[in-house]
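Asks: Pasting a structure here, questions to come.
The values are calculated or read from the model by the stated rules, or taken from the named source; none is laboratory data. Nothing here was measured: the structure is a model prediction, and the numbers come from that model. Heavy atoms of the whole protein, side chains included, go into the accessibility calculation; ligands, DNA and RNA do not. Shrake-Rupley method; radii C 1.70, N 1.55, O 1.52, S 1.80 Å.
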Amino acid sequence: MSFENLKIGEKNFVEFTVTESDTALAMKSGSLKVLATPKLICLVEEAAANLAEKFLPAEYTSVGVSVDVKHTAPTPVGLKVRVEVELIEVDGRKLTFAVSASDAAGEVFNGRHDRFIVNREKFQIKANMRL
């Protein structure tokens, strides 16, 4: 199966306002009321998955396989954050995204995220065999 509809340079984003439930304290990834790294990673996966989904045949989807990021600045509750992904490489079924996030003061997060294209049914069967 060829996935020629996926083009380098395609972009997607997710915007949200940081709430108490998005903090490191709430997510148990730290003790401060600042945006949690796991929340940013979740939003990176959401933006990348949604981007890939737009270009894949119905019987295919993508799954996250790696995340390599740096969370470089804190974002307090109440600030709006924009998470952006850009498809920078397609290598067979492997998709690589450049990722970043920023708030009103500037960039707070950057890195890379890889996803792998899979057949929905076959993947679910394989997963269920682990039961």
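Asks: Of all accessible surface on region 17-131 at a 1.4 Å probe, what whole percent is carbon and sulfur?
Replies: It is 53 percent, rounded to a whole number.
Asks: Starting from the Cα of LYS80, draw a straight line to each of the lysines and keep only those under 25 Å, dropping any in the same chain fewer than 8 residues away.
Replies: Straight-distance partners of LYS80: LYS11, LYS28, LYS33, LYS39, LYS70.
Asks: Which value in deg cm²/dmol, rounded to the nearest 500, describes the helix-derived mean residue ellipticity at 222 nm for the chain, given -39,500 (n - 2.57) per DSSP H run of n ≥ 4 and division by the residue count? Intermediate values should be presented prior to the final figure.
Replies: Numbers: 3 runs with 32 residues, N = 131.
It comes out at -7500 deg cm²/dmol, rounded to the nearest 500.
Asks: Could you give the length gained on full extension between VAL63 and GLU121, defined as 0.36 nm per residue of separation minus the Cα-Cα distance, in nm?
Replies: Numbers: separation 58, 0.36 × 58 = 20.88 nm, distance 1.31 nm.
Full extension from VAL63 to GLU121 adds 19.6 nm.
Asks: Check cross-link reach from LYS7 to the lysines: straight Cα distance under 19 Å, and skip same-chain residues fewer than eight apart.
Replies: Within reach: LYS54, LYS94.
Asks: Taking Cα extents along the principal axes in Å straight from the coordinates, which label in [x] 48, 39, 25; [y] 45, 38, 21; [z] 52, 31, 20 is the correct one?
Replies: Evaluating Cα extents along the principal axes in Å on these atoms matches [y].
Asks: Multiply the residue gap between LEU131 and GLU15 by 0.36 nm, knock off their C-alpha separation, and tell me the result in nm, one decimal place.
Replies: On the way: separation 116, 0.36 × 116 = 41.76 nm, distance 3.65 nm.
Fully extending the segment from LEU131 to GLU15 adds 38.1 nm.
Asks: Heavy-atom accessible area per residue, region 1-77, 1.4 Å probe: how many Å²?
Replies: Values: 4380 Å² over 77 residues.
Averaged over the residues of region 1-77, the accessible area is 57 Å².
Asks: Counting pairs of alpha carbon atoms under 8 Å apart in space and at least six apart in sequence, what relative contact order in percent does the chain give?
Replies: 28 percent
Asks: How high is the relative contact order of region 15-68, given as a whole-number percent (alpha carbon pairs under 8 Å, six or more residues apart)?
Replies: 20 percent
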